[in-house]
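Participant: Next up is a structure, given as structure tokens.
The values are calculated or read from the model by the stated rules, or taken from the named source; none is laboratory data. Bear in mind that the values here come from a model prediction, so they are computed numbers and not experimental data. Glycine also receives a Cβ, built like all others from the backbone with ideal geometry; neighbour counts cover every protein chain displayed. Only protein heavy atoms, including side chains, enter the accessible area calculation; ligands, DNA and RNA are left aside. Shrake-Rupley method; radii C 1.70, N 1.55, O 1.52, S 1.80 Å.
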Amino acid sequence: MSITAFLQTRYGRGLRSRAEIEAHQSRAMARFRRRIMPRSPFYQDHIDTPLHALPRMDKARLMESFTAINTCGIDREEAFEVALEAERSRDFSPMIGRVGVGLSTGTSGQRGLFLTTPRERRLWAAIMSGRFWPDLRRRQRVAFFMRADNALYRSLSNPLLRFEFFDVTQGMDAHLQGLGDFAPTVLIAPAGVLSFLARAQSEGRLAVQPQRVVSVAESLGPSDRAAIARAFRTQVDEVYQATEGVLAFTCPAGNLHLNEAWMRIERDVVDPESGAFCPVIHDFTRESLPLLNYRLNDVLVPDETPCPCGSACSRIARIEGREDDMLWWKGPDGPRLIPAEAIRTMLASLDQAVGDYRVVQHADALTISLEQVGPDTEAALRARVSELARQFRVAPPTLVVREGLPPDSGFKRRRIRVATDQMSLAEDRRSA
């Protein structure tokens, strides 16, 4: 673990102005150009190229050029072979030399490789521990629920911290006894898993008292956050981490900030009215697999109000979800974005208890599947959808209400999404 990074994260004053952030990033990028880019066959001829003029990257192009981009001399096919064998065997210890290899879940349509060197793992562990370690005077037990283990996560382990991986592919009920016996002081899991554990805790099937609860891998909605906090009687923190790195995490005041101490993050605005944007990152700490001018397809909504914590790093109101899952309804002057938060609020405001839900847009039809549908639920939903359409000055979609939840198609829970075979409104918006 990097002691300097740990101390700076836990006790440092942080970046307190935009000028300080920009100066810090300028120095860091200069070092990155000098020390790291010459080691990448892909970037060694771009050392003096302005950031905006670098080749625009996304997951597909990164994977296509993986062998040339990485600085470790690792062949893409070899990396895939090691990562896939780890997935099949559920043994995540093999590495290529000292470099850890992992695979993303592939919810964006393509599985992505990521690499971690010992230095990168130490830095990640130092920053996560510095921010979320509850009490330095006591040994901690971290329960980590995820689809796959990795050397990166194992880097949290040290003499004062015991790390336990819980494999969510084995089913959640099977883990309740083991989690109770482990008695974690820190609980880290995707939002959907935390919701399940919170229900088990409320129903008496689980009895743990974590001092820290951290949501990762999925968007965390307000109702889920509140239910999880009530069940475990503690604040729920959030880490916005993707294959591309840690992009944001909550501050001591509980607000989500972009990780501008680690990377430069520009905004590709997709909805001028709300300021919603897709982040374009230039990571000056990722040495194994440089990420420069890399556009993610996640949509973030900014919050421009100053944070009580004093950090000047950009504050995020919420993570809307994947760009391909944004709901666009027809307006008089073209498609308009309907925020996922508006859909969540609409469902939460119903008089009838509906339980969990899934919302799928297919062309001009909106299918809402609910755990419970009462005699008045459908009529109430039709009225709320019409009201929402008037609020955003759009035409309401055709509404289909179903009882019972469809099976989730992947590891990450996607409550609100667009059918993969029909994204015409989003395409219309992009071409406008």
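Participant: When the Karplus curve 6.51 cos²θ - 1.76 cosθ + 1.60 is applied with θ = phi - 60°, which whole-Hz ³J(HN,Hα) does each residue of segment 217-231 get, with x for Gly and Pro?
Facilitator: For segment 217-231, the Karplus curve yields 6, 9, 5, 10, x, x, 5, 5, 4, 5, 5, 5, 4, 5, 5 Hz.
Participant: Something else now. Can you give the FRET efficiency to the nearest 0.05 for ALA30 and GLU266, using r as the Cβ-Cβ distance and R₀ = 25 Å? Could the numbers behind the result be given before it?
Facilitator: Values: r = 18 Å, r/R0 = 0.71.
That gives a FRET efficiency of 0.90.
Participant: Give me the dipole magnitude in Debye, nearest 20, for the chain about the Cα centre, with unit charges on the beta carbon: positive for Lys and Arg, negative for Asp and Glu. Each step should come with its number before you reach the end.
Facilitator: Details: 58 positive and 54 negative charges, 323 e Å.
Rounded to the nearest 20 debye, it is 1560 debye.
Participant: For GLN140, list long-range residues whose amide hydrogen, built 1.01 Å from N in the peptide plane, is under 5 Å from its own amide hydrogen.
Facilitator: It is LEU161, ARG162, by chain and number.
Participant: Here's a follow-up. Which longest run of the chain has no exposed loop site in it, a site being GluC sites (Glu not before Pro) in a DSSP loop with at most 16 other beta carbons within 10 Å, and the site itself not part of the run? Please list the in-between numbers first.
Facilitator: Working: sites that count: GLU203, GLU273, GLU304, GLU371.
Result for the longest clean stretch: 1-202.
Participant: A follow-up question, please. Can you classify segment 185-240 as rounded, prolate or oblate using the Cα gyration tensor, where a ≥ b ≥ c are the square roots of its eigenvalues, rounded means a/c under 1.5, and otherwise it's prolate if a/b beats b/c and oblate if not? Please list the in-between numbers first.
Facilitator: On the way: a/c = 1.69, a/b = 1.38, b/c = 1.22.
Prolate, since a/c reaches 1.5 and a/b exceeds b/c.
Participant: Between ILE36, ILE416, ILE96, where does the largest GNM mean-square fluctuation fall for the chain, given springs only between Cα atoms within less than 10 Å?
Facilitator: ILE96
Participant: Give me the 1.4 Å probe accessible area per residue for the chain, excluding ligands and nucleic acids, in Å². Present the calculation step by step, with values, prior to reporting the outcome.
Facilitator: Numbers: 19450 Å² over 432 residues.
With all protein chains present, the chain gives 45 Å² per residue.
Participant: Using +1 on the beta carbon of Lys and Arg, -1 on that of Asp and Glu, and nothing else charged, what's the dipole of segment 242-390 about the Cα centre, debye to 20?
Facilitator: Numbers: 14 positive and 24 negative charges, 19 e Å.
So the magnitude is around 100 debye.
Participant: Any idea which of ILE74, ILE96, PRO210 is furthest toward the positive side of the dipole for the chain, if Lys and Arg beta-carbons carry +1 and Asp and Glu beta-carbons -1?
Facilitator: The residue sitting farthest along the positive end of the dipole is PRO210.
Participant: Here is a follow-up. Of the options GLY245, LEU256, VAL299, report the single residue whose Cα projects farthest towards the positive end of the charge dipole of segment 242-313 (beta-carbon charges: Lys, Arg +1; Asp, Glu -1).
Facilitator: Positive-end residue among those listed: GLY245.
Participant: Heavy atoms only, probe 1.4 Å: what % of the accessible area of the chain goes to carbon and sulfur, would you let me know? Provide the component values of the computation, followed by the final result.
Facilitator: Working: 9550 of 19450 Å².
Exposed carbon and sulfur together represent 49 percent of the surface.
Participant: May I ask you to derive the FRET efficiency for ASP181 and ALA383 from their Cβ-Cβ distance with R0 = 56 Å, giving the value to the nearest 0.05? All intermediate terms of the calculation are to be shown ahead of the outcome.
Facilitator: Details: r = 49 Å, r/R0 = 0.87.
Once the sixth-power term is evaluated, E becomes 0.70.
Participant: Right, here's the next one. Nearest 5 percent is fine: what portion of the DSSP beta bridges confined to the chain is antiparallel? Intermediate values should be presented prior to the final figure.
Facilitator: On the way: 43 of 71 bridges.
Counting DSSP beta bridges with both partners in the chain, the antiparallel share is about 60 percent.
Participant: Which residue fluctuates most in the GNM of the chain (Cα springs below 10 Å): CYS309, CYS278, CYS251?
Facilitator: Looking only at CYS309, CYS278, CYS251, the largest GNM fluctuation is found for CYS309.
Participant: Longest exposed-loop-site-free stretch of the chain, with trypsin sites (Lys or Arg not before Pro), DSSP loop and at most 14 other Cβ within 10 Å?
Facilitator: In short, 234-392.
Participant: What does the charge count near ILE47 come to, summing +1 for each Lys or Arg and -1 for each Asp or Glu among other residues with Cβ under 9 Å from its Cβ?
Facilitator: Numbers: positive: ARG33, ARG34; negative: ASP45, ASP48.
In short, 0.
Participant: At what distance in angstrom do the alpha carbon centres of segment 1-46 and segment 111-147 lie from each other?
Facilitator: So the separation of the two Cα centres works out to 19 Å.
Participant: Where nothing but the Cβ of Lys and Arg (+1) and of Asp and Glu (-1) is charged, how large is the charge dipole of segment 356-418 around its Cα centre, in debye to the nearest 20? Don't jump to the answer; show the numbers that get you there.
Facilitator: Working: 11 positive and 8 negative charges, 75 e Å.
That gives segment 356-418 a dipole magnitude of about 360 debye.
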